[in-house]
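Each remark here refers to the structure printed beneath this line.
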Amino acid sequence: MTQVLKIDIHKNVAFVLLNRPEVHNAFNDELVRQVTDAFNELSQRDEVRVIVLCANGKSFCAGADLNWMKRTIQYTHEENLTDAQAIGRMYLAIAKSPKPVIARVHGAALGGGAGLVAACDIGVAVESVQFGFTEVKLGIIPAIIAPFVIARIGPGLAREFFITGERFLAPVAMSIGLIQHVVSHELALDALIDSKISQILTSAPGAVAAAKELVFGVSSRTLEKSIDFAAEAIALARAGAEGQAGMQAFLERQRPPWIEKTEKPEKFNGK
């Protein structure tokens, strides 16, 4: 049986490779389960400092597998609910991972595939990539991915793109905030990702995880309550081991301890 997901760890970087190229990496229940388990496990591994979500074949991810969707036609309400909740756990495992997650996007990212990109922290795509929230073309809606996509592009743009279901290229995806970076070809894609990894590896791992949680915490609170949340967060960070070591190293013009333990990763070709 084909291995639908491959995980490879080089130094401090974990590469999670979607491996269903024959169906453009469309996900089914098995792939959903394996992606969820992979991110939950990698999130607990101290040696992993960055996760790169990538894909084998011509496309990043074409959304849900057609054969899987055929089965759901016969599902009861309870079965559909259970199925949708499992998909939601996959996106949450990616978004809430304490590790920075970079999406390496090529080919196409449609429907749930675009949702995968939205769940990641940093999205980097080749300029020819096609994106789209195409669910309405099938008579359904981009429901489970909505919280992650709306957090990225806002409700106004979501109303347009969710309703039209139109496809759009990577430069448009960047202009609306779905991704942060667009490059001209795949070699440039890897070079840019390497530069982001290098920057992350010079940052304190605990502080990186706390910074991710800070974004979620502030964005989900009122302005007044976000100040209290942020004040508590910085108080904890300053008194923590990393904060103490980092500030001391800065004052003494020394390298902080987490930099000395990192090495540049090798590239992963998914084979």
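The values are calculated or read from the model by the stated rules, or taken from the named source; none is laboratory data. None of these values were measured; they are calculated from a predicted model. No Cβ is skipped: glycine too gets one built from the backbone with ideal geometry, and neighbour counts run over all protein chains shown. The area values use the complete protein model at the heavy-atom level, side chains included, leaving out ligands, DNA and RNA. Shrake-Rupley method; radii C 1.70, N 1.55, O 1.52, S 1.80 Å.
Cross-link pairs exceeding 26 Å in C-alpha to C-alpha distance, out of Lys96/Lys196; Lys6/Lys196; Lys96/Lys137; Lys58/Lys137; Lys6/Lys137; Lys70/Lys137, comprise Lys96/Lys137; Lys6/Lys137.
Per-residue packing, averaged as other Cβ atoms within 10 Å, sorts the ranges 219-231, 41-53 into the order 41-53, 219-231, beginning with the highest. Of the chymotrypsin sites (Phe, Trp or Tyr not before Pro) found in segment 8-106, the ones in coil according to DSSP and having at most 15 other Cβ atoms within 10 Å of their Cβ are Tyr75. In a reduced charge model with +1 at each Lys and Arg Cβ and -1 at each Asp and Glu Cβ, the chain shows a dipole moment near 280 debye about its Cα centre. Dipole check for segment 1-99: with +1 at the C-beta of Lys and Arg, -1 at the C-beta of Asp and Glu, and the Cα centre as origin, the magnitude is about 340 Debye. Pull out a ≥ b ≥ c, the square roots of the eigenvalues of the alpha-carbon gyration tensor of segment 112-271, then state rounded if a/c is under 1.5, prolate if not and a/b is larger than b/c, and oblate in the remaining case. It comes out oblate by the Cα gyration axes.
Let me know the shape class of segment 159-242, please: from the alpha-carbon gyration tensor, a ≥ b ≥ c as square roots of the eigenvalues, rounded when a/c is under 1.5, otherwise prolate if a/b is greater than b/c, or oblate. It is oblate, given that a/c is not under 1.5 and a/b is not larger than b/c. Across the options Gly112, Gln34, Ala125, the greatest Cα extent toward the positive end of the charge dipole of the chain (unit charges at beta carbon of Lys, Arg, Asp, Glu) belongs to Ala125.
Computed packing ranks the peptides 187-194, 146-153 as 146-153, 187-194, most packed first, by mean other Cβ atoms within 10 Å.
Which angle between 0 and 90 degrees, to the nearest 10, do you get for helix 186-201 versus the longest principal axis of the chain when only C-alpha atoms count? With rounding to tens, the tilt is 40 degrees. Between 0 and 90 degrees, the angle of helix 146-164 with respect to the longest Cα principal axis of the chain falls at about 30 degrees. Per residue, the chain exposes 53 Å² of solvent-accessible protein surface, assessed with a 1.4 angstrom probe and all protein chains in place.
Across the alpha-carbon atoms of segment 75-172, the computed radius of gyration and Dmax are 13.5, 41 angstrom.
Cα centroids of segment 160-190 and segment 1-62: how far apart, whole angstrom? Measuring centre to centre over Cα atoms gives 21 Å. For the chain, the longest principal axis of the alpha carbon atoms and the long axis of helix 223-239 meet at an angle near 50°. Which of (i) 61, 44, 38; (ii) 51, 49, 33; (iii) 63, 47, 34 is the computed Cα extents along the principal axes in Å for the structure on display? Computed from these coordinates, Cα extents along the principal axes in Å corresponds to label (iii).
Per the Kirkwood treatment, what hydrodynamic radius in Å, one decimal, follows for segment 1-111 from the mean inverse distance over all distinct Cα pairs? 14.5 Å is the Kirkwood radius here.
On the chain, 57 percent of the accessible area sits on carbon and sulfur atoms, based on a 1.4 Å probe.
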